[in-house]
Structures are given as structure tokens and as C-alpha cells.
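Below: the structure, in C-alpha cells.
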Amino acid sequence: MISGSAYNYEYLNMIGHGSYGIVYKACDKRTGQIVAMKEEFNGLSTPTLREIAILKSLPQHPAIVGFKEVVRDDWDRVFVVMEHVENDLARFMAARRQPLRPNEVKCMMKQLLEGVKFLHENGVMHRDLKPSNILINKKGDLKICDFGSSFQERSDVEQRTKIYTILGRAKPDDNLFIRKFLEAAVISGVPLLTGLGFDLLKKLLEYDPEKRITAEAALNHGWFKESDPYFF
């Protein structure tokens, strides 16, 4: 598991901290590459070990954060070295003074769906996709991160069996929340999507996984063909 020395990296500054540990921005002395180094106070946790195993099993993909290695220093502190990305989507959206433009949303959605499609093709279900687990750089490139809640199975049948075992099957009235959510968006004055955008949103929010649109089908939805996605 541990493949190198922490002294191959120069610490630049702390970029995150919590009850679990600290995340540093660092520079790889061998290549000059900027990386993120995560130190956990109580050693590598089960979610972190799961994340490492999943990322090591996957080929590289532009929409998935890159795993580098696990290193140790002379005090037996262990660090997980990952690709560094400047920001996450939660902080990015909170810092903006105006809503995202439709084509910016489309650009982000396209990248996100391409990442999800790649994960599903490799038997990985992320299970914790949210803005704070989606990294974004200054060019608008997205990277899905934090695979601590993910699981990997060999087929759709195995994935669905595990989901049904834990959560049970969808009930007929489970879509009530989705309907109320969409109605609230209209009442609150949130800018409406186009008809095709609204159709895609409903299909993505379908509670029953048997009826929910797949990432591959979503990428081919007409909403993406209304105008070209681009980031400002």
C-alpha cells in the first residue's frame, strides 16, 4: 500500500482540515507537479482504504480525480497523495455573485455525466455525489472525488441486488418528493429550464432506478443539442 517517502514532497500550505485529519497543498520535488496530500490522524480509515482501492482499479479519466500514491514520513505519518484541483463546486457556486449561465451548467453537466458513465461502466457506484465532492479548476474542468462511500460490483444485477437489500424497492408514492421539488422551483422564481431541460431533470430525479435515465442516455438527450456547452 505505502509506495514512497513523504520527503519527495514539499509542503506549501494547508488547504483543508477537520476531525478526520488535514489536507495539504504540496509540490512533488521530482516533477514539480502540484498535488494534494491528505493526512488522517488515526491512520488510514476504512473509507479511505476503499477509495484508494477503487481509484487504483480504474484507468485514468478526465472527469475523475487522479490517485498518485501513499507515502510515509519518519514519524510514521501516512499521507494519501492525490491530484490537486483548485476548488470544489460548492465553494465555487457560493462565491459567485450571479447564477451560472445555462451553457455553463450544460458544460458541467456534460462532464459530470461522462464521469458517472465511466464509473458505471467500471461497476462503481459513487453514492455521495454532491457539490463538495466535485472539484473544479479555473478552466471549468470537473473532477469527481471522495470515493469513501462508493462500492464496486461486477454487474448491474449485483449493484441492484445490494441496493434493494439495503434500501428496498421504490414505492409508487416515492416520486411525490420530486414533484413537490419541481413545483417549489417554479413558485420560488428559480429560472426555469427549457422544455427539454425540464424533461431531462425529471428523468434524472426519477426515484425508481428501473425507470431512471442512465448517464449514457442522458448524454444523448436533446437538451445537450439545443446549444453548445461551454465555460466562460
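The values are calculated or read from the model by the stated rules, or taken from the named source; none is laboratory data. Everything numeric in this text was worked out from a predicted model, so none of it was measured. Cβ placement follows ideal geometry from the backbone for every residue including glycine, while neighbour counts extend to all protein chains displayed.
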Output the residues belonging to region 21-45 that are among the hydroxyl-bearing types (Ser, Thr, Tyr) and either at pLDDT 95 or above or in contact with a Ser or Thr (Cβ under 7 Å, 6 or more places away or on another chain) (or both).
TYR24, THR31
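Somewhere in region 76-87, is a residue surrounded by 20 or more Cβ atoms within 10 Å (Cβ to Cβ) and not hydrophobic (A, V, I, L, M, F, W, C)?
Yes, the conditions are met somewhere in region 76-87.
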Look at ARG50 and say whether it is surrounded by 12 or more Cβ atoms within 10 Å (Cβ to Cβ) and either touching a Pro at 6+ places or on another chain (Cβ under 8 Å) or of a type in the set (Lys, Arg) (or both).
yes
Conditions (1) free of Cβ contacts under 8 Å to residues at least 24 places away in the same chain; (2) within 21 Å of PHE147 (Cβ to Cβ): number failed by GLY32
(2)
Kindly provide the set of residues from region 85-108 that are under 26 Å from HIS221 (Cα atoms), basic (Lys, Arg) and outside any loop (DSSP other than H, G, I, E, B), ordered by number.
LYS106
Report, by residue number, each residue of region 207-231 that is under 16 Å from CYS107 (Cα atoms) and in a loop (DSSP other than H, G, I, E, B).
ASN220, HIS221, GLY222, SER227, ASP228, PRO229, TYR230, PHE231
Out of region 51-88, which residues are under 19 Å from TYR20 (Cα atoms), of a type in the set (D, E, K, R) and within 15 Å of the chain's Cα centre (by Cα)?
GLU51, ASP88
Inspect all residues belonging to region 109-130 and state whether any of them is outside any helix (DSSP H, G or I), touching an Asp or Glu at 6+ places or on another chain (Cβ under 6 Å) and assigned by TED's automatic domain parsing to the domain that holds ASN220.
yes
